[in-house]
Amino acid sequence: MADKIRIATASLAGCFGCHMSLLDIDERLIDLVAHIEFDRTPLTDIKQIGRCDVGLIEGGVCNAENVEVLKAFRRHCNLLVAVGACAINGGIPAMRNQYSLTECLEEAYLHGSGIDQPQIPSDPELPLLLDQVHPIHDVVWIDYFLPGCPPSADTIFTFLDELLSGKPIRFAYRQIHYD
Amino acid sequence: MSGSFSIDGVTVPFETGQSIMDAALAAKIYIPHLCHNPEFQPHGSCRLCCVTANGRTVAACTTLATDGLEVANETHEITTRRRLLLKLLFVEGNHVCPACEKSGACQLQAVAYHCGMLAPEFVHFYPKRAVDASHPETIIDFNRCILCELCVRASRDHDGKSVFNISGRGIDAHLTIDSPSGRLGDSRFSASDKAARVCPVGAILPKHRGYEIPIGRRLYDQESISQVGDVASHREQEDG
Amino acid sequence: MHTVQENDPSNLLQRLIGLQQAFRHIPSDAIDHLAESLGLSRAFILGVIQFYSFLHSSPRGEYDILFSDNITDQMQGSRLLAQRLASKLGVDIGRTRDDQRVTLDYTSCTGMGDQGPAALVNGHPITRLTMERVDQLAALIEQAVPLDNWPAELFQVSAGVERRDIVLNSDYKPGTAILRCLEEGAEELLRRLEQAGLRGCGGAGFSTAKKWRFCASTESAERYVVCNADEGEPGTFKDRYLLQAHADRLFEGMTLCAAVIGARRGFLYLRGEYRYLLGPLQQILQQRRENGLLGQAILGRDGFDFDIDIHLGAGAYICGEESALIESLEGKRGIPRNRPPFPVTRGYLGMPTVVNNVETLANAALIAQQGVEWFRSVGTAQSPGSKLLSISGDCERPGIYEFPFGTPISEILAACQAHHTQAVQIGGAAGRLIPPAEFNRTLAFEDLATGGSFMVFNQSRELLNAIDNFTRFFRHESCGFCTPCRVGTAMLTKQLGKVMVGHATSKDLDELGTLGSLMRQTSHCGLGQTAANPILDGLEKFPDIFQSRLRSTSFEPAFDLDASLEEARAITGRSDPGAHLEGGGV
Ligand SMILES: Cc1cc2nc3c(=O)[nH]c(=O)nc-3n(C[C@H](O)[C@H](O)[C@H](O)COP(=O)(O)O)c2cc1C
Ligand code: SF4
Ligand code: SF4
Ligand code: SF4
Ligand code: FES
């Protein structure tokens, strides 16, 4: 095996569950680590993404920052993978698509129960919200989809393992589920 | 009268009047389907069961078997088509499987697993649809309805109540309930109706019974629907 | 003559149409009353109301104006005219004015392609709209002039025949064919139709004699004959002309069919857009009854009883599909049935039923009168006789043309004086898009089959607009029964929209192609099977019109990134750089 495979990961509108699942690979991660190295991920300190072989994206796209991160990943990764239900179809965060953004914000910051100082935040530091939550394939081309909420550690391992070995990626029946 | 035909090279016997689907079910050959339930009149709307019969694409559930017919079912081309149809169904509604009580025992999911669908991929419609929780025992989540009309058929043809109907047209077609308010709680629906037990997806669900079976032991967790069979038939068995 | 009992559930649609006309909507208490008297559920009735474009559960304006939105209307400026009327009247298109005076909206092709732009006002067609006419309409509406007092010339529907051949050159005497049939027998008539080789003019070209024979050979107490006058295919209006000028022929054809199959009752299913023809048609039926050509003991023959009812459609293209038409005749939503069984074995009320196009039935009557040689004197071996075409679009002489089968497209274009033609859409939105390289192809079942629509586009036209128009038409008209068509037509519209605004890449074209062939292969009925034709033909024959609008990036987002921040910008009042996103793909 020549160079190590360089991987970056990001969590957009997700819950970090998919990242937890990645860590759940446990001892097999040690085998993998011999063949992979991490670029920008929430697990490392690298802030700017560099050239990568694989990008793993958790979560859908709900704000302007998500869009920028996703585009940066697409520019830098040869293979971009949607990991988990939220990246694939918006998931739970996309349940807000049943309402307009205005309705959501008003409920959350103005009319909801237990609100102290009703005000919709407008700090330029905050990423601005899109009117709808989108799956990531709405914004950039996605090469592969790993379903699950989260995908099991086993599924992620199989994917990385087969990718490393250059085999066509095949999953056992139990490795594919949408929940 | 009877005869035989073939599905993917396997000889299948049939009785006159049987559809390709009937004969396949009897021979335990799985043809993916969503709107079909052998207890009701064939419908032909989901198109999942489309096979080729002597080269022509037909719906297996509404096409009669004929002697010597050569049916192709699980070919690469047909499975690819089925995945596309499934993707269309997924993006048409709002299917948030992680938040759905039916997950693991849902036929839409199970058929999608069987056909190797990893993601819906198309642009999502995110339609704005309601949930009707007005009935004391049953909830309807229209977000998940795939318009298979099994509840329509069951309520009309079995329960004799015609509680369910389809309204609108095209992409605006939707399920409706016959009651003065349009809500289930005000209708003649009862949780003991056949219509309460036929929904292949998580659109018509019993209340107070969510997530009873642990993940890993649900109907389709371990084995493909091609081995396990339809969720409705299991429900019938459970309910005796 | 009302053979249908008032309280027969199959009368539902006709009752609803009556209510809509009387009350400008179907009032809720009327639904309750209907439910009670017809023994139907409220939800069922609401389902029917929401299926048909011309039925509404909330009131329309006193003047309900629908602009025909076919591409040929648009090419004649209909959209600008509609907008002008909207601004004059102070109402948005698609809405009813607050004072309930007027509703403005678009509707699918109203069958006036030779005299567009056209509109319907409370169901009455107004043709040849101009800016002046629109201003005139606005004034009439503001002054609340009753429709009956509007100038008659507004409602003029002309019957411009530009070319006649054997059919339109023949004289026809009511009753001749029936008399001959009675003298010679049904078998002889069938033999004659067979030898003449008459094929269905609705588009599919099935042998008419065979259809009648099938139906006659079924075991049944009742049989029905239905004339399909739904003529919903965009750009078709030849049946309108026949109904207007030659209804006697088609009623005679229906009566012949009744004699052959043993039907006692027939229906003319008349599209709602042609309701203005209802009165004249009923008069002709009455005349025929008086002349002993309809009713009891036709032409004195004991036991030969037959009569015809006219049923109206209510704005649903799918009801032209024969089994959906039958559902609609039964008062239901027009959902195509599973076939087989075909209508000839199980049709109206489950009884064997012949469904034929207007032109087919009119031709059958003429063949019975004129004979086989006459019919076969023109046409090709496989497509004998002639075909009526409805020619519209970019030509100097739009109108009705009768051409022998086998005529090359180029000759047709020359006859209607079309110049610099870029393409012809033959067979309506569901038909085929033909480039100049194929203008030597011929009008024939074995080459280019058509129900009669022939739309011409010259080189100044953006062909993609036509393709977009047709694609939207199908989205609007899909009945919603089956997955590929219900979702596919909506998805095609979305994806083509991306091409239209210049945000698509070649990946999007691939997706259009994939979806299109899925729909073609797996849809339940002809609508879904043909709905992607405009796109698929366009991609194959006019790739440049798509390519020229593509981005060179390999992928473009599915939505406008910056626009999707607009709502948040408005709520927060932000306009800093972080409140914007660069468009474009990676
Ligand atoms: C979506 C659809 C719309 C149709 N519309 C019409 C129509 O408006 N008029 C018509 O005569 N046939 C129409 N047809 C064809 C009819 O189903 C049927 O074939 C025809 O009425 C048979 O008559 P013929 O044999 O005389 O042509 C349509 C078919 C489809 C699939
Ligand atoms: S109905 Fe089935 S596919 Fe839809 S959300 Fe529920 S489990 Fe998922
Ligand atoms: S509620 Fe369920 S059974 Fe009824 S139409 Fe929808 S998916 Fe089918
Ligand atoms: S193809 Fe379209 S019009 Fe035909 S049954 Fe399917 S949804 Fe309805
Ligand atoms: S199962 Fe045959 S079309 Fe749905």
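Restricted to the range B:38-77, and to residues that are farther than 19 Å from C:CYS525 by Cα and in contact with a Lys or Arg (Cβ under 9 Å, 6 or more places away or on another chain), which residue is surrounded by the most Cβ atoms within 10 Å (Cβ to Cβ)? Top of the filtered list is B:PHE40. Here the helices (runs of 4 or more DSSP H) wholly within the range C:6-78 that include at least 3 residues being touching a Leu at 6+ places or on another chain (Cβ under 7 Å) and within 13 Å of another protein chain (Cβ to nearest Cβ) are C:42-49. A residue that is within 13 Å of chain A (Cβ to nearest Cβ), among the small types (Gly, Ala, Ser), crowded, with 17+ Cβ neighbours inside 10 Å and touching a residue at least 24 places away in the same chain (Cβ under 8 Å) occurs somewhere in the range B:94-104.
Taking residues in the range C:256-282 that are under 21 Å from C:GLY315 (Cα atoms), and partners anywhere that are in a strand (DSSP E or B) and among the charged types (D, E, K, R), the pairs with Cβ atoms closer than 6 Å and at least 6 places apart or on different chains are C:PHE267/C:ASP309.
Scan the range A:77-98 for residues that are away from chain B (no Cβ under 13 Å) and surrounded by fewer than 20 Cβ atoms within 10 Å (Cβ to Cβ) and report the count. The number of residues fulfilling the criteria is 2. Set side by side, the residues B:ALA130, B:ALA110, B:ALA65 differ, and just one is more than 13 Å from the chain's Cα centre (by Cα) and more than 21 Å from B:LYS207 (Cα to Cα), which is B:ALA65. All conditions but one from (1) closer than 24 Å to C:THR522 by Cβ; (2) away from chain A (no Cβ under 14 Å); (3) under 15 Å from the mean Cα position of the chain (by Cα) apply to B:ALA154; the one that does not is (1).
Candidates B:GLN18, B:GLN41: the one that is within 16 Å of ligand 3 (Cβ to nearest atom) and closer than 24 Å to B:CYS151 by Cα is B:GLN41. Hey, can you tell me all the residues within the range C:157-173 that are surrounded by fewer than 17 Cβ atoms within 10 Å (Cβ to Cβ), at pLDDT 95 or above and of a type outside the set (A, V, I, L, M, F, W, C)? Matches in the range C:157-173: C:ARG164, C:ASN169, C:SER170.
Among the candidates A:ILE36, A:ILE5, A:ILE25, A:ILE49, the residue that is under 16 Å from A:PHE159 (Cβ atoms) and touching a Cys at 6+ places or on another chain (Cβ under 9 Å) is uniquely A:ILE5. A residue that is within 11 Å of another protein chain (Cβ to nearest Cβ), without any contact (Cβ under 8 Å) to a residue 60 or more places away in the chain, more than 24 Å from C:THR72 (Cα to Cα) and touching a strand residue (DSSP E or B) at 6+ places or on another chain (Cβ under 7 Å) occurs nowhere in the range C:479-489. Restricting C:ASP537, C:ASP510 to those that are within 14 Å of chain B (Cβ to nearest Cβ), out of contact with any Phe, Trp or Tyr (no Cβ under 9 Å at 6 or more places or on another chain) and in a helix (DSSP H, G or I) reduces the list to C:ASP510. Residues in the range B:158-176 that are surrounded by fewer than 23 Cβ atoms within 10 Å (Cβ to Cβ), in contact (Cβ under 8 Å) with a residue 12 or more places away in the chain and within 15 Å of B:ALA196 (Cβ to Cβ): B:HIS158, B:ASP159, B:LYS161, B:SER162.
Consider B:GLY182 carefully, then state whether it is in a loop (DSSP other than H, G, I, E, B) and facing chain C (nearest Cβ under 8 Å). When the stated conditions are applied, B:GLY182 passes them.
The conditions of being touching a residue at least 60 places away in the same chain (Cβ under 8 Å), part of a loop (DSSP other than H, G, I, E, B), more than 9 Å from chain B (Cβ to nearest Cβ) and farther than 25 Å from C:THR505 by Cβ are met by A:PRO127.
Among the conditions (1) within 16 Å of ligand 2 (Cβ to nearest atom); (2) of a type outside the set (Asp, Glu); (3) under 18 Å from the mean Cα position of the chain (by Cα), the only one that B:PHE122 does not satisfy is (3). When the range C:467-481 is filtered for residues that are of a type outside the set (Gly, Ala, Ser) and within 16 Å of ligand 5 (Cβ to nearest atom), the ones remaining, listed by number, are C:CYS479, C:PHE481.
Here C:HIS524 clears all of (1) of a type outside the set (Asp, Glu); (2) in a helix (DSSP H, G or I); (3) closer than 27 Å to C:GLY334 by Cα except the condition numbered (2).
When C:SER564 is tested against (1) over 30 Å from A:PRO118 (Cα atoms); (2) within 14 Å of chain B (Cβ to nearest Cβ); (3) without any contact (Cβ under 8 Å) to a residue 24 or more places away in the chain; (4) part of a helix (DSSP H, G or I), just one condition goes unmet, and that condition is (1). Output the number of residues of the range C:524-582 satisfying the condition of being surrounded by fewer than 16 Cβ atoms within 10 Å (Cβ to Cβ), of a type in the set (A, V, I, L, M, F, W, C) and within 30 Å of C:GLN422 (Cα to Cα). Qualifying residue count, the range C:524-582: 0. Inspect all residues belonging to the range C:378-397 and state whether any of them is free of Cβ contacts under 8 Å to residues at least 40 places away in the same chain and more than 22 Å from C:LYS210 (Cβ to Cβ). Scanning the range C:378-397, I find at least one residue that is free of Cβ contacts under 8 Å to residues at least 40 places away in the same chain and more than 22 Å from C:LYS210 (Cβ to Cβ), so the answer is yes. In the range B:134-163, what residues are on the phi < 0 side of the Ramachandran plot, within 16 Å of ligand 2 (Cβ to nearest atom) and assigned to a loop (DSSP other than H, G, I, E, B)? If the condition is that a residue be on the phi < 0 side of the Ramachandran plot, within 16 Å of ligand 2 (Cβ to nearest atom) and assigned to a loop (DSSP other than H, G, I, E, B), then B:CYS145, B:ILE146, B:CYS148 are the ones that fit. Being within 16 Å of ligand 1 (Cβ to nearest atom), within 22 Å of B:GLU77 (Cα to Cα) and either without any contact (Cβ under 8 Å) to a residue 60 or more places away in the chain or more than 14 Å from chain A (Cβ to nearest Cβ) (or both): is that true of C:THR522 here? Against the criterion (within 16 Å of ligand 1 (Cβ to nearest atom), within 22 Å of B:GLU77 (Cα to Cα) and either without any contact (Cβ under 8 Å) to a residue 60 or more places away in the chain or more than 14 Å from chain A (Cβ to nearest Cβ) (or both)), C:THR522 qualifies. Going by the structure shown, is B:PHE90 within 16 Å of ligand 3 (Cβ to nearest atom), buried (at least 22 other Cβ atoms within 10 Å of the Cβ) and among the aromatic types (Phe, Trp, Tyr)? So B:PHE90 passes the test.
Of the strands (runs of 3 or more DSSP E) lying entirely inside the range B:40-106, those containing at least 3 residues that are away from ligand 2 (no atom under 16 Å from the Cβ) and more than 22 Å from C:ALA490 (Cβ to Cβ) are B:50-53, B:70-72. Criterion applied to B:PHE164, B:PHE125 was being aromatic (Phe, Trp, Tyr), farther than 20 Å from A:GLN132 by Cβ and within 10 Å of chain C (Cβ to nearest Cβ), and the one residue passing it is B:PHE164. Within the range C:447-474, the set of residues being of a type in the set (Gly, Ala, Ser) and surrounded by 19 or more Cβ atoms within 10 Å (Cβ to Cβ) comprises C:ALA449, C:GLY451, C:GLY452, C:SER453, C:ALA466. Counting the residues of the range B:14-23 that are closer than 17 Å to B:ALA232 by Cβ and out of contact with any His (no Cβ under 7 Å at 6 or more places or on another chain) gives 1. Looking across the range B:74-122, just one residue is within 16 Å of ligand 4 (Cβ to nearest atom) and basic (Lys, Arg), and that is B:ARG81.
The values are calculated or read from the model by the stated rules, or taken from the named source; none is laboratory data. Please read these numbers as outputs of a predicted model, since none were measured by experiment. For neighbour counting, all protein chains shown are included, and Cβ atoms are generated from backbone atoms with ideal geometry for every residue, glycine included.
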